[in-house]
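Visitor: Structure in structure tokens, see below.
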Amino acid sequence: MTSLSPALSTAVTGSGPALLLAHDVGTQAENDFGTIIPALSTGHTVIAPDYPGSAGTPRAEGPLTLDGLADAIVAAADTAGQDTFTVLGHSLGAAVAVRAAVRHPERVKGLVLTAGFVTPDQRMKITAAMFLDCLARHDFTGYAQLAVLTAFGDTMLSAFTPDQMEYALKKIAGSVEAGAEEQFTLARTVDVSADLERITVPTLVVAPVEDVFVSPAASQALAAGIAGSEYAEIQSGHLVAEAGPAWLARVDEFLAAHGL
């Protein structure tokens, strides 16, 4: 195990087979999976750690690494008393989940990878650089505007009223995670291409087709690299919560089919 200081702040809910969540870049588990956690926890123990600098976890003492995050979420499962689990990773969290499965094959029993990627494409690298530029200038309004453009799909954006849009922008600008800089820096350098052929557990890859941060083509490449993986598309933008019932239905079907 690679030691990552500090230990991750983690919420544990529900009972049953364990689901370990690996959240997206620049957010926290509650915001990323919050509206979905209650449904997941009806038949599972849901373990939701926050990366360094997110929610209740202090910032890291050095640069973040994929190995360090993978080991840290597994350590969170240890603390929760869970020996084995399925990892549900979103975007950067999908890469964390893949690395966790490679580093801890005796612990990870399945993978659900949403809006995942093998390595960031040029669009994603540029977008991450724009987030980092906003953070460097303490331009949290600009950060929020960029987050709205990249996190929400066209369907959701078109449905927003002016008041809802103003609320969303103010909420994001007022709650930028302390560790966002380290997380976006890591996201720009992720490469799990050498890991994919080592994945042997049941794997579901979910592509949000309206995603402009992580292209659906990135999910397709991820699925193509994992032998025997299942691939599904959902009509939503980058946010897991935006997909709602459609995402839950596909994930529940996968978990039930594989006894996870």
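The values are calculated or read from the model by the stated rules, or taken from the named source; none is laboratory data. These numbers were taken from a predicted model, which means no experiment stands behind them. Cβ placement follows ideal geometry from the backbone for every residue including glycine, while neighbour counts extend to all protein chains displayed. In case anyone asks, the SASA skips ligands and DNA or RNA and just uses the protein heavy atoms, side chains included. Shrake-Rupley method; radii C 1.70, N 1.55, O 1.52, S 1.80 Å.
Visitor: List, in order, the whole-Hz ³J(HN,Hα) value for each residue of the range 59-70 obtained from phi through the Karplus relation with A = 6.51, B = -1.76, C = 1.60 and θ = phi - 60°; use x for Gly and Pro.
Guide: Listing the rounded values in order: 4, 5, 7, x, x, 7, 10, 5, 4, x, 5, 4 Hz.
Visitor: Within the chain, which is the longest segment that contains none of the GluC sites (Glu not before Pro) sitting in a DSSP loop with at most 11 other Cβ atoms within 10 Å? Could you put the intermediate results ahead of the total?
Guide: Working: sites that count: 61, 106.
It runs 107-260.
Visitor: Right, something else. Taking all protein chains as present, what is the carbon and sulfur share of the accessible area of the chain, in % to the nearest whole number, probe 1.4 Å? Provide the component values of the computation, followed by the final result.
Guide: Working: 5800 of 10780 Å².
Carbon with sulfur: 54 percent of the solvent-accessible area.
Visitor: Which length gain, in nm to one decimal place, applies between residue 78 and residue 13 when the Cα-Cα distance is subtracted from 0.36 nm times their residue separation? Could the numbers behind the result be given before it?
Guide: Numbers: separation 65, 0.36 × 65 = 23.40 nm, distance 1.48 nm.
Taking residue 78 through residue 13 to full extension adds about 21.9 nm, to one decimal.
Visitor: Taking the Cβ of residue 235 as the center, what net charge do the other residues with Cβ under 13 Å away carry, scoring Lys and Arg +1 and Asp and Glu -1? Walk me through the intermediate numbers first.
Guide: On the way: positive: 250; negative: 154, 210, 211, 233, 242.
That works out to -4.
Visitor: Report the local net charge at residue 84: Lys and Arg +1, Asp and Glu -1, summed over other residues whose C-beta lies under 10 Å from its C-beta.
Guide: Working: positive: 107, 109; negative: 83, 106.
Net charge around residue 84: 0.
Visitor: Still on this structure: Calculate, for the range 202-260, the solvent-accessible area per residue in square angstrom, rolling a 1.4 angstrom probe over the heavy atoms of the protein chains.
Guide: Details: 2250 Å² over 59 residues.
Counting only protein heavy atoms, the per-residue value for the range 202-260 is 38 Å².
Visitor: Residue 44's amide H: which non-local residues (gap 5+, or another chain) put their own amide H closer than 5 Å, with H modeled 1.01 Å from N in plane and none for Pro or chain starts?
Guide: 15
Visitor: Rounded to whole Hz and in sequence order, give me ³J(HN,Hα) for the range 153-170 from the Karplus expression 6.51 cos²θ - 1.76 cosθ + 1.60, θ = phi - 60°, writing x for Gly and Pro.
Guide: Rounded to whole hertz, the list is x, 4, 4, 5, 4, 5, 7, 5, 7, x, 5, 5, 5, 4, 4, 4, 5, 5.
Visitor: Which residues' amide hydrogens lie under 5 Å from the amide hydrogen of residue 160, considering only partners 5 or more residues apart or on another chain, with H built in the peptide plane?
Guide: Correct list: empty.
Visitor: Mean residue ellipticity at 222 nm from the helices of the chain, using -39,500 (n - 2.57) per DSSP H segment of n ≥ 4 over the full residue count, to the nearest 500 deg cm²/dmol?
Guide: Working: 12 runs with 115 residues, N = 260.
Here the helix-only value at 222 nm equals -13000 deg cm²/dmol.
Visitor: Net charge near residue 188, counting Lys/Arg +1 and Asp/Glu -1 over other residues with Cβ under 13 Å of its Cβ?
Guide: On the way: positive: 123, 125; negative: 121, 133, 181, 182, 191.
Spelling it out: positives minus negatives among the neighbours equals -3.
Visitor: Which residues does the label zone of residue 191 cover in the range 110-131, counting backbone N under 17 Å from a point 7 Å along Cα→Cβ?
Guide: Answer for the range 110-131: 117-126.
Visitor: Separate question: Need one word for the range 130-260: rounded, prolate or oblate. Basis is the Cα gyration tensor (sqrt eigenvalues a ≥ b ≥ c); a/c below 1.5 gives rounded, then a/b vs b/c decides.
Guide: On the way: a/c = 2.53, a/b = 1.49, b/c = 1.70.
It is oblate, given that a/c is not under 1.5 and a/b is not larger than b/c.
Visitor: Using a/c under 1.5 as the rounded threshold, could you call the chain rounded, prolate or oblate? The axes a ≥ b ≥ c are square roots of the C-alpha gyration tensor eigenvalues, and prolate needs a/b larger than b/c, oblate otherwise. Please list the in-between numbers first.
Guide: On the way: a/c = 1.41, a/b = 1.25, b/c = 1.13.
The shape class here is rounded.
Visitor: Would you kindly derive the ³J(HN,Hα) couplings of the range 255-260 from the backbone phi angles with the Karplus curve 6.51 cos²θ - 1.76 cosθ + 1.60 (θ = phi - 60°), listing them in order in whole Hz, with x for Gly and Pro?
Guide: These are the phi-based 3J(HN,Hα) values: 4, 5, 5, 10, x, 9 Hz.
Visitor: Rounded to the nearest whole Å², what accessible area per residue is found for the range 129-189 with the 1.4 Å probe?
Guide: Numbers: 3410 Å² over 61 residues.
With the other protein chains kept in place, the range 129-189 gives 56 Å² per residue.
Visitor: Going by amide H atoms built from the backbone, whose H comes under 5 Å of the H on residue 204, apart from near neighbours?
Guide: 111, 112, 113, 230
Visitor: Between 240, 118, 201, where does the largest GNM mean-square fluctuation fall for the chain, given springs only between Cα atoms within less than 10 Å?
Guide: Highest fluctuation among the options: 201.
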